[in-house]
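Engineer: Here you go, one structure.
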Amino acid sequence: MVEPIPPITLPPATDPVQEGEWLRRNLHKWLDQEFLPEAINHTIAQRAAQIYVRQRMEDENDLGSLVLAIISEMQAFDFSQSFYSEFAVANAVSDILLDSLGIDRCCGQ
């Protein structure tokens, strides 16, 4: 039988605004590197970071819940000028956070 993937919990936020700025910079860099750099990438990264900061200020530490919040709230964002979607952005945020925690995200490990 396959075991469920255990939840990933982030350390409690000590400075959510600083975390959000770090995430915004890293997400913007990722967006620009994944495809062609686009002006809209700045706005996408800024919006995702705002959602993240608000969630962290509300004491959300569960990575899965953070990803779902980003997907849910980014659905209202106009991605028509971008290669990305709310799912790509939320997955990128997850990958960036997992990398920062030193968690290998390859092959379900």
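Engineer: Read phi for every residue in segment 77-83 and hand back ³J(HN,Hα) as whole Hz from Karplus 6.51 cos²θ - 1.76 cosθ + 1.60, θ = phi - 60°, with x for Gly and Pro.
Structural biologist: 6, 8, 8, 5, 9, 9, 7
Engineer: Now for a separate question. Collect residues whose amide H, placed 1.01 Å from N in the peptide plane, falls under 5 Å from the amide H of Asp62; neighbours closer than 5 in sequence don't count.
Structural biologist: Those qualifying (amide H under 5 Å, at least 5 residues apart or on another chain) are Leu10.
Engineer: Still on this structure, I have one more. Let's test the formula: R0 of 25 Å, r as the Cβ-Cβ distance of Asp59 and Arg105. What FRET efficiency results, to the nearest 0.05?
Structural biologist: Working: r = 24 Å, r/R0 = 0.98.
E(calc), rounded to 0.05, equals 0.55.
Engineer: Where does the chain land at 222 nm, in deg cm²/dmol rounded to the nearest 500, when only DSSP H runs of n ≥ 4 count, each adding -39500 (n - 2.57), divided by all residues? Each step should come with its number before you reach the end.
Structural biologist: Values: 4 runs with 65 residues, N = 109.
Roughly -20000 deg cm²/dmol at 222 nm, from the helical runs in the chain.
Engineer: Using a Förster radius of 22 Å, what is the FRET efficiency between Ile96 and Ala76 based on their Cβ-Cβ separation? Nearest 0.05, please. Each step should come with its number before you reach the end.
Structural biologist: Values: r = 22 Å, r/R0 = 1.00.
Rounded to the nearest 0.05, the efficiency is 0.50.
Engineer: Could you pull the Cα extents of segment 15-101 along its three principal axes, largest to smallest, in whole Å?
Structural biologist: 34, 24, 18
Engineer: Leaving out ligands, DNA and RNA but keeping every protein chain, what accessible area does Trp22 have, in Å² rounded to the nearest 10, with a 1.4 Å probe?
Structural biologist: Only protein atoms counted, so the area is about 80 Å².
Engineer: Using packing as a proxy for protection, rank 4-17, 72-85 so that the peptide with the highest average count of other Cβ atoms within 10 Å comes first. Display every interim value, and only then the final one.
Structural biologist: Details: 4-17: 11.4, 72-85: 13.8.
Highest-to-lowest ranking by the protection proxy: 72-85, 4-17.
Engineer: Here's something else I'd like to know. Using a 1.4 angstrom probe on the protein heavy atoms only, could you order Ile103, Ile70, Ile40 from most to least accessible area? Don't skip to the end; give the middle numbers.
Structural biologist: Working: Ile103 55, Ile70 0, Ile40 30 Å².
Descending order: Ile103, Ile40, Ile70.
Engineer: Ok, one more. Return an integer: the convex hull volume of the alpha-carbon atoms of segment 46-93, in Å³ per residue. Mind showing how you got there, number by number?
Structural biologist: Working: hull volume 3.0 nm³, N = 48.
In segment 46-93, the Cα hull volume divided by residue count equals 63 Å³.
Engineer: At a probe radius of 1.4 Å, what is the per-residue accessible area of His42, in Å² to the nearest 10?
Structural biologist: Counting only protein heavy atoms, the figure is 80 Å².
Engineer: Under the classification rounded if a/c is under 1.5, otherwise prolate if a/b is larger than b/c and oblate if not, where does segment 1-62 fall, given a ≥ b ≥ c as square roots of the Cα gyration tensor eigenvalues? Show your work: numbers first, answer last.
Structural biologist: Details: a/c = 2.93, a/b = 1.37, b/c = 2.14.
Oblate is the answer for segment 1-62, as a/c is 1.5 or above yet b/c matches or exceeds a/b.
Engineer: Give, as a single signed number, the net charge of other residues whose beta carbon lies under 14 Å from the beta carbon of Ile44, with Lys and Arg counted +1 and Asp and Glu -1.
Structural biologist: So the environment of Ile44 carries a net charge of -2.
The values are calculated or read from the model by the stated rules, or taken from the named source; none is laboratory data. Computed from a prediction, not measured in an experiment: that's the story for all the values here. Neighbour counts run over all protein chains shown; Cβ positions are idealised from the backbone, glycine included. These accessible areas exclude ligands, DNA and RNA; they are computed on the full protein's heavy atoms, side chains included. Shrake-Rupley method; radii C 1.70, N 1.55, O 1.52, S 1.80 Å.
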